[in-house]
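Below: one structure, written as structure tokens.
Derivation of every value follows stated rules applied to the coordinates shown; laboratory data play no part. Predicted model, so just to flag it, every value in this text is computed and none were measured. Here the Cβ is made from the backbone with ideal geometry for all residues, glycine too, and neighbour counts use every protein chain on show.
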Amino acid sequence: MTLEARHLTCRRDHRLVLDDVSFTIGDGVLACLLGPNGAGKTTLLRAVLGLEKVAGKVLLNGADLSTLSPRETARRIAYVPQTHSVAFAYSVEEMVAMGRLSHARFGLLADKEDQDAVANALRLMNIAHLAGRAYAQLSGGEQQAVLIARALAQGGRTLLLDEPASALDFGQQKRLWTRLRELAGTGYTILCTTHDPIRARQIFDEALLMRSGRLMECGSPADVLTDEKIEALYAS
Ligand SMILES: Nc1ncnc2c1ncn2[C@@H]1O[C@H](COP(=O)(O)OP(=O)(O)OP(=O)(O)O)[C@@H](O)[C@H]1O
């Protein structure tokens, strides 16, 4: 899926938090989004998903996302938020199964395809052993892995991830980056925020730099993630 944002602009309290942001991420591309705290990265991911009131357009393989229902959007794009809390004592398996809601047929219980998707996602994230545990009682890193599994179970071919590695231990981080690379290799389009430019240079195909709501640079990590540009991006 080719993900294209055109002139996304968003104001909060009369302040521009997205300032005419446009980019294209091609089919099978693993892209990262970097920028200082408050740059607008989360807002941009939420705007792409249609969760923020913005001017501009988001196209997926040329189709305008604003013309799709939330269910149709959820079948195409999965989102892993930065933080997430649940009010009820759902098990890990139930949390991941929620990723299948957009596939549910009215009145029918989860079918074999749903069960397989959940089992596969748990296996991919190496958390099958947590399936019966209460999500709310997991560590932050384990919860993060569950949310990524839920996004994989959703089955969309476009993934938006907001700092997915921030609470993961070294082993889980390594597995996450390997998984994302593999998924991109099978045609997934992935946009992922990170605060780790060194890792980003090694792992991603493309990098987008954001500051004060504006997209400053977009291109290959070799061109975009140079020491000078990173220095300038995070300068106070
Ligand atoms: N609910 C809100 N109401 C008003 N302003 C908000 C709200 N959420 C975020 N903002 C503001 O919008 C701007 C962009 O925030 P955003 O969360 O998108 O930044 P970010 O780049 O994801 O930051 P971080 O790296 O800290 O996660 C910031 O100035 C922030 O203070």
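What the table below lists for this structure:
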| item | result |
| --- | --- |
| Residues with amide H under 5 Å from that of S91, placed H, sequence gap 5 or more | Y135 |
| Residue-count net charge about L122 - beta-carbon cut-off 14 Å; Lys, Arg +1, Asp, Glu -1 | +1 |
| Sequence ranges 222-230, 146-154, ranked by mean other-Cβ count within 10 angstrom, highest first | 146-154, 222-230 |
| Cut-off 12 Å between beta-carbons: net charge of the residues surrounding Y135, Lys and Arg +1, Asp and Glu -1 | -1 |
| Nearest-20 debye value, the chain charge dipole, Cβ charges on Lys, Arg, Asp, Glu | 400 debye |
| Proximal lysines to K53, defined as alpha-carbon separation beneath 25 angstrom and excluding residues fewer than eight positions away on the same chain | K41 |
| 15 Å beta-carbon shell around H84, net charge (K/R +1, D/E -1) | -2 |
| Estimated distance in nm for a label pair at L101 and I198, the labels positioned 7 Å out from Cα along Cα-to-Cβ | 4.0 nm |
| Fraction of antiparallel bridges per DSSP, the chain only, in percent to nearest 5 | 55 percent |
| Structure-based [θ]222 nm, the chain - -39500 (n - 2.57) summed over DSSP H runs of at least 4, per residue, nearest 500 | -10500 deg cm²/dmol |
| Amide H contacts under 5 Å for E217, placed H, 5+ residues apart | L209 |
| 3J(HN,Hα) from dihedral phi, region 31-47, Karplus parametrisation 6.51/-1.76/1.60, rounded to Hz, x for glycine, proline | 10, 10, 10, 10, x, x, 3, x, 5, x, 5, 5, 4, 5, 4, 5, 5 |
| 5 angstrom amide H check on D20, placed H, neighbours 5+ away | T9, C10 |
| Inter-probe distance in nm under a simple model that places probes 7 Å from Cα toward Cβ, at A89 and L59 | 5.1 nm |
| Loop sites in region 43-143: chymotrypsin sites (Phe, Trp or Tyr not before Pro), DSSP, at most 14 other Cβ within 10 Å | F88, F106 |
| Point-to-point label distance, D169-D116, nm (Cα→Cβ direction, 7 Å offset) | 3.3 nm |
| Kirkwood Rh and Cα Rg combined as Rg over Rh, evaluated for region 1-153 | 1.00 |
